Amino acid sequence: MKTYTLQGVVSIKYRLRLKTGLHIGGAKENFEIGGVDNPVIKLPLEIKFGDDWSIPKDAPYIPGSSLKGKIRSLMEWFIREPKGVNGTVQTSVEFMTEKAKDNTRKLGAPCDCGTCSVCKLFGVSDVRTLREFLEKDKKEYLPGPPRAEFSDAYPTPESLEMLKETLGEGIFTEVKYENRINRITGAVEQGGLRNQERVPAGVEFEGEITLDLYSKEDTELLKKLLTGLRLLENSYLGGSGSRGYGKVEFSKITITLRGRDYFEKGSPEEELFKGTLSELDENRTSEVLEKLENLLEEQW
Ligand SMILES: [Zn+2]
């Protein structure tokens with residue numbers, strides 16, 4: 001059986017800029033009278049980072065789960081790789097639709113082939129796949145531990161300052177009103193008015209995605225993850241994307257490596273890249289991967 005030893009962690013620290021208003025739904029406070037119909041998710045408590053920097057209570061944030069789920073689903077529709085032990089099917093949707101036909105999986109469930117990049121990065125949600133590999137003596141197909149982790153992303157200090165100056169202390173969102181049009185009269189429908197709370201365009205969030213490396217082949221997963229980030233820029237985050245919400249852009253990216261020395265001896269992280277996502281073209285990505293492989297050469 002393949003053994004897994006953590007060889008290093010690639011950290012992708014990013015800034016995500018909202019190109020349009022973002023709505024990631026939160027809980028509606030039931031005692032609130034005259035509140036918005038659809039509030040966004042907000043911090044229940046102030047978060048203090050050291051003495052001089054904190055994020056106030058009620059500031060909006062992007063849950064890591066929202067980012068992870070969206071990137072995963074976009075990648076499942078994009079990446080073509082042999083799925084499962086037979087490897088005859090190339091796409092996740094095709095593979096999972098086959099499984100839904102014999103009622104072993106729900107239609108539309110996330111990929112659980114266990115062998116593709118998505119399953120290695122994000123994990124296999126259905127343990128039945130892993131059990132099948134073990135029972136049928138196909139242990140070499142086990143995907144290993146999920147490699148990617150997504151932190152929650154918080155508004156940057158600059159954005160919090162900008163919101164305070166333009167909207168006022170303790171106000172972080174806009175309330176957008178939307179109408180329904182009567183199909184016959186073409187007029188706005190009575191009672192069709194609803195409102196949505198959004199984080200306004202221009203706000204930047206910062207967060208981190210980490211990628212655990214267990215083998216040389218895992219470095220390729222970094223490339224796949226970058227594809228996922230590009231797919232997100234082309235799609236949207238949160239709700240109402242088809243109505244223009246949630247367009248985002250990775251405005252700043254810093255990629256570093258924490259090798260075994262970082263954890264064992266407290267050695268510094270090694271910087272692999274600093275720039276924007278659009279600067280990470282084929283050549284720059286190859287440079288990053290080469291640097292990464294050289295740094296880890298002695299460890300494999
Ligand atoms: Zn898969």
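Using Cβ counts within 10 Å as a stand-in for footprinting exposure, how do TYR245, TYR4 rank, fewest first? Working shown, then result.
On the way: TYR245 22, TYR4 13.
Exposure proxy ranking, most exposed first: TYR4, TYR245.
Nearest 0.05, what FRET efficiency do PHE263 and VAL127 give at R0 = 35 Å with Cβ-Cβ as r?
Calculated value: 0.75.
Report, in degrees rounded to the nearest 10, the 0 to 90 angle that the Cα long axis of helix 282-296 makes with the longest principal axis of the chain.
Helix 282-296 sits at roughly 50 degrees to that axis.
Compute the FRET efficiency between ALA27 and ASN294 as 1/(1 + (r/R0)^6), taking r as their Cβ-Cβ distance and R0 = 41 Å, and round to the nearest 0.05. List each step's numbers first, then the result.
Working: r = 48 Å, r/R0 = 1.17.
Computed FRET efficiency for ALA27 and ASN294: 0.30.
Please arrange THR20, THR104 by how many other C-beta atoms lie within 10 Å of their C-beta, fewest to most. List each step's numbers first, then the result.
Details: THR20 19, THR104 13.
So the residues, fewest neighbours to most, are THR104, THR20.
Using Cα-only point scatterers and the Debye equation, what is log10 of I(q)/I(0) for the range 222-264 at each q in 0.15, 0.18, 0.33 Å⁻¹, rounded to two decimals?
The Debye formula, applied to the Cα set alone, gives -0.54, -0.65, -1.11.
What relative contact order, as a whole-number percentage, does the range 101-242 give when Cα pairs under 8 Å and 6 or more residues apart are counted?
On the way: 139 pairs, mean separation 29.5, N = 142.
For the range 101-242, the relative contact order is 21 percent.
Relative to the longest principal axis of the C-alpha atoms of the chain, give the angle of the C-alpha long axis of helix 219-234, reported between 0 and 90° and rounded to the nearest 10°.
20
Under the rule of at least 5 residues apart or a separate chain, name every residue whose amide H is placed under 5 Å from the amide H of GLY26.
Placed amide hydrogens put VAL40, ILE41 under 5 Å from GLY26.
How long is the gain from GLU158 to VAL93 if the chain were fully straight, where each residue apart is worth 0.36 nm and the alpha carbon distance is subtracted?
19.3 nm
In straight Cα distance, which aspartates and glutamates are under 14 Å from LYS48, not counting same-chain residues fewer than 8 positions off?
Within reach: ASP58.
Can you give the Rg to Rh ratio for the range 8-296, taking only C-alpha atoms and Rh from Kirkwood?
So for the range 8-296, dividing Rg by the Kirkwood Rh gives 1.02.
Binned at 5 Å from 0, what are the whole-percent values of the Cα-Cα distance distribution for the range 80-189, short to long?
2, 10, 13, 14, 9, 4, 5, 9, 12, 10, 7, 3, 1, 0
Run a plain Debye calculation on the range 221-300 (Cα atoms as equal point scatterers, no solvent) and give log10 I(q)/I(0) at q = 0.16, 0.19 Å⁻¹, rounded to two decimals, same order as the q list.
The calculated log intensity ratios at q = 0.16, 0.19 Å⁻¹ are -0.71, -0.88.
Expressed in nm², what is the orientationally averaged projection area of the convex hull enclosing the Cα positions of the range 47-128? Mind dumping the intermediate values first?
Details: hull surface 30.4 nm².
Dividing the Cα hull surface by four gives the mean projection, 7.6 nm².
Multiply the residue separation of ALA100 and VAL36 by 0.36 nm, subtract the distance between their alpha-carbon atoms, and state the gained length in nm to one decimal.
Stretched fully, the ALA100-VAL36 segment lengthens by 19.1 nm.
If you take every DSSP beta bridge whose two residues both sit in the chain, what share of them, in percent to the nearest 5, is antiparallel?
Working: 44 of 45 bridges.
Around 100 percent of the beta bridges assigned by DSSP in the chain are antiparallel ones.
Quick one: dipole size for the chain, taken about the Cα centre, charges +1 on Lys/Arg Cβ and -1 on Asp/Glu Cβ, in debye to the nearest 20.
Charge dipole of the chain: 1220 debye, to the nearest 20.
Could you give the length gained on full extension between GLU271 and VAL85, defined as 0.36 nm per residue of separation minus the Cα-Cα distance, in nm?
Net length gain for the segment: 63.2 nm.
What order do you get for PHE49, PHE95, PHE133 when you list them from fewest to most C-beta neighbours inside 10 Å?
Details: PHE49 10, PHE95 23, PHE133 20.
Lowest to highest Cβ neighbour count: PHE49, PHE133, PHE95.
What's the center-to-center distance, using Cα atoms, between the range 103-158 and the range 232-248 in Å?
25
In this model, which of LYS19/LYS176; LYS83/LYS138; LYS57/LYS176; LYS57/LYS164; LYS106/LYS136 are farther than 18 Å apart at the alpha-carbon?
Correct reply: LYS57/LYS176; LYS106/LYS136.
Under 19 Å from a point 7 Å along the Cα-to-Cβ line of PHE49: which residues of the range 123-161 have their amide N that close?
Once the point is set 7 Å along Cα→Cβ of PHE49, 149-161 turn out to lie under 19 Å by backbone N, inside the range 123-161.
Could you work out the relative contact order of the range 63-111? I mean the mean sequence separation of Cα pairs under 8 Å and 6+ apart, divided by the number of residues, in percent.
Relative contact order comes out at 27 percent.
Can you give the calculated 222 nm mean residue ellipticity of the chain, where each DSSP H run of n ≥ 4 adds -39,500 (n - 2.57) and the sum is split over every residue, rounded to the nearest 500 deg cm²/dmol?
-8500 deg cm²/dmol
Going by a ≥ b ≥ c, the root eigenvalues of the Cα gyration tensor, does the range 169-216 fall in the rounded group (a/c under 1.5), the prolate group (a/b larger than b/c) or the oblate group? The partial results should precede the final answer.
Details: a/c = 5.50, a/b = 2.26, b/c = 2.44.
Oblate shape, in that a/c is at least 1.5 and b/c is the bigger or equal ratio.
Which is farthest toward the positive dipole end of the range 8-296 among VAL9, LEU221, SER151, measuring Cα position about the Cα centre, with Cβ charges +1 (Lys, Arg) and -1 (Asp, Glu)?
Positive-end residue among those listed: LEU221.
Which FRET efficiency value, to the nearest 0.05, do you get for GLU287 and LYS19 by plugging their Cβ-Cβ distance into 1/(1 + (r/R0)^6) with R0 = 25 Å?
0.35
Where a number appears in this text, it was derived from the coordinates with a stated rule and is not lab data. These numbers come from a predicted model, not from an experiment. Note: ideal-geometry Cβ built from the backbone for every residue, glycine included; neighbour counts use all protein chains shown.
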